[in-house]
Amino acid sequence: MWTDPQITEMRAALLAWYDQQGRTLPWRVRPEDRAQGLSPNPYAVWLSEIMLQQTTIPHGTPYWFKFLELYPTVQDLAAAPLDDVLTHWAGLGYYARARNLHKCAILVTEAYGGEFPETKSELLKLPGVGDYTASTIAAICFNEPTSIVDGNVERVISRLHRVEAPLPKAKAIIRKLAATLADPERPGDYGQAVMDVGATVCTPRTPACETCPWAHWCQAHRVGDMTDFPKKSPKKERPVRHGHAFVLVRDGAVWLRRRDEAGLLGGMMEVPTSAWADDMPPLEWPVSADWIRSATDVRHVFTHFELRLSVHTAQIADPLDLEGRWVDIGDFENEALPSLFKKVLGKANLPQT
Ligand code: SF4
């Protein structure tokens, strides 16, 4: 552990690096922009943080721009129908986040007068806002001296200290270590600086220690075993579930229905499927027709399991006695269709439009 003067030096080295080499991101207000009187917009920061959970910056950034264009303020987002929000979210995955995003916008609008609360403890009361997001908004937007710890920060801190405990058990240790280094004057910049070091210098496989502002103090760098950290507990194998998907076609349209609000992909659109089970469930057709099975199945990886769906397509003539509605094949983009069902429709034997 370092002395107070060492910690002061480490903070100064990190912040000097950030001032010169930190990333420019669209939702970020850099120190030089602050000098011009700009300040971070909590709505835009919150939106970026929710979108970038489990999503890379290149993939998430166009969605951030799209949402800000469609819903320039939190009140605009609150006033939008949930269905529209889910449709525009499609492709970002983890749809519970989109539902919480909408709930949170409504709460901020109705209970907080359209202004995000300014402390971590109040932010934690918002739907979909956990410790990391609350810390980030509080530190970046309201200068609360709280430390931000994401996967990049975990890697940097675990190397800096050669933390022997494996993740996820090491999270609490890493959090404490990160907090001792957090800069009380510039907590937002400190947090963003460590994240940037993790993203651009202290990368998982090839850390560029020679350009790192903390190389002088880094224990893993001294020993030379940087890539042994963070230690990880052995991964459990992801279970596989199986099922069938049924694509019903009539007059250039496909039958879609809405999934239950509760549970995985809640409220999103889907084609009818069987149950998803550990063993392939028996084939029970939703309607009798001439079904054609696609040559290849769909594989889709969720956080806790992998799903394999066989895809069956049938042309039908009669109206259906099922819940749902016909959607023209050219109109899928306007539906809240998760990637899984886009894959299913991609494999189905659909007529050319
Ligand atoms: S010195 Fe190397 S291992 Fe240590 S924090 Fe910097 S980049 Fe990572």
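Can you tell me the FRET efficiency between GLN54 and ASP251 if r is taken as the Cβ-Cβ distance and R0 is 41 Å, rounded to the nearest 0.05? Walk me through the numbers on the way to the answer.
Values: r = 38 Å, r/R0 = 0.93.
The formula returns an efficiency of 0.60 here.
Under a cut-off of 24 Å between alpha-carbon atoms, report the lysines in cross-link reach of LYS169, not counting same-chain residues fewer than 8 places apart.
LYS120, LYS231, LYS232, LYS235, LYS236
How large is ³J(HN,Hα) for each residue in segment 305-321, as worked out from phi by the Karplus curve 6.51 cos²θ - 1.76 cosθ + 1.60 (θ = phi - 60°), to whole Hz, x for Gly and Pro?
Along segment 305-321, the couplings run 7, 9, 10, 10, 10, 7, 10, 10, 10, 9, 8, 10, 10, 8, x, 9, 9 Hz.
How long are the semi-axes of the equivalent ellipsoid of the chain, defined as square roots of 5 times the Cα gyration tensor eigenvalues? Whole Å, largest first. Working shown, then result.
On the way: eigenvalues 404, 127, 52 Å².
Largest first, the chain gives 45, 25, 16 Å.
Given a Förster distance of 35 Å, report the FRET efficiency between VAL240 and GLN219 from their Cβ-Cβ distance, rounded to the nearest 0.05. Intermediate results must be reported in sequence, preceding the final value.
Working: r = 41 Å, r/R0 = 1.16.
FRET efficiency, VAL240 to GLN219: 0.30.
Might you report the magnitude of the Cβ-based charge dipole of segment 265-351 about its Cα centre, with Lys and Arg at +1 and Asp and Glu at -1, to the nearest 20 debye?
Values: 7 positive and 14 negative charges, 74 e Å.
Value, rounded to 20: 360 debye.
With n ≥ 4 as the cut-off for DSSP H runs, can you work out [θ] at 222 nm for the chain, using -39500 (n - 2.57) per run divided by the number of residues, rounded to the nearest 500?
Details: 14 runs with 140 residues, N = 353.
Computed mean residue ellipticity for the chain: -11500 deg cm²/dmol.
Pick from LEU307, LEU25, LEU68: which residue has the top mean-square fluctuation in a GNM of the chain where Cα pairs under 10 Å get a spring?
Among LEU307, LEU25, LEU68, the largest GNM mean-square fluctuation belongs to LEU25.
Arranged from highest to lowest average of other beta-carbon atoms within 10 Å per residue, in what order do the peptides 55-61, 10-16, 180-186 appear? Spell out each step's value before the answer.
Values: 55-61: 13.4, 10-16: 17.4, 180-186: 15.9.
Packing proxy ranking, top to bottom: 10-16, 180-186, 55-61.
How far, in nm, would the chain grow between ASN349 and ALA295 when pulled straight, counting 0.36 nm per residue and subtracting the alpha carbon separation? Walk me through the numbers on the way to the answer.
Details: separation 54, 0.36 × 54 = 19.44 nm, distance 0.98 nm.
Result: 18.5 nm gained on full extension.
Percent relative contact order of segment 236-353, based on C-alpha pairs within less than 8 angstrom and at least six residues apart? Please list the in-between numbers first.
On the way: 217 pairs, mean separation 42.2, N = 118.
Relative CO of segment 236-353 lands at 36 percent.
To the nearest 20 debye, what charge dipole does segment 4-228 have about its Cα centre, counting +1 at the Cβ of each Lys and Arg and -1 at the Cβ of each Asp and Glu? Could you put the intermediate results ahead of the total?
On the way: 21 positive and 26 negative charges, 124 e Å.
The calculated dipole for segment 4-228 is roughly 600 debye.
Give me, ordered by chain and number, the residues 5 or more places off LEU265 or on other chains with an amide H under 5 Å from its own placed amide H.
Under 5 Å from the amide H of LEU265: TYR95, ALA96.
Arrange LYS176, LYS235 by Cβ neighbour counts within 10 Å, fewest through most, would you?
Details: LYS176 12, LYS235 6.
Lowest to highest Cβ neighbour count: LYS235, LYS176.
State, to one decimal in nm, how far the label point of GLU122 lies from the label point of ASP278, with both points 7 Å from Cα in the Cβ direction.
That separation, rounded to one decimal, is 4.9 nm.
If you stretched the chain out fully between GLN20 and LYS169, how much longer would it get, using 0.36 nm times the residue separation minus the C-alpha to C-alpha distance? Walk me through the intermediate numbers first.
Values: separation 149, 0.36 × 149 = 53.64 nm, distance 3.44 nm.
Going from the current span to full extension adds 50.2 nm.
Normalised by the residues of segment 179-290, what does the relative contact order come to in percent, with Cα pairs under 8 Å and at least six apart?
Details: 90 pairs, mean separation 19.5, N = 112.
For segment 179-290, the relative contact order is 17 percent.
Please compute the contact order of the chain in relative form: average sequence separation of alpha-carbon pairs under 8 Å and at least six residues apart, divided by the residue count, as a percent. Mind showing how you got there, number by number?
Values: 522 pairs, mean separation 55.0, N = 353.
Relative contact order comes out at 16 percent.
Within segment 80-137, which GluC sites (Glu not before Pro) sit in a loop by DSSP and count at most 12 neighbouring Cβ atoms inside 10 Å? Provide the component values of the computation, followed by the final result.
On the way: sites: GLU110, GLU115, GLU118, GLU122; in loops: GLU115, GLU118.
In loop regions of segment 80-137 (DSSP not H, G, I, E or B), the sparsely surrounded GluC sites (Glu not before Pro) are GLU115.
Any read-out appearing in this document is the output of simple, stated calculations on the displayed coordinates, not a laboratory observation. Keep in mind it's a predicted model, so treat the numbers as computed, not measured. We place every Cβ from the backbone using ideal geometry, glycine too, and count neighbours over all the protein chains shown.
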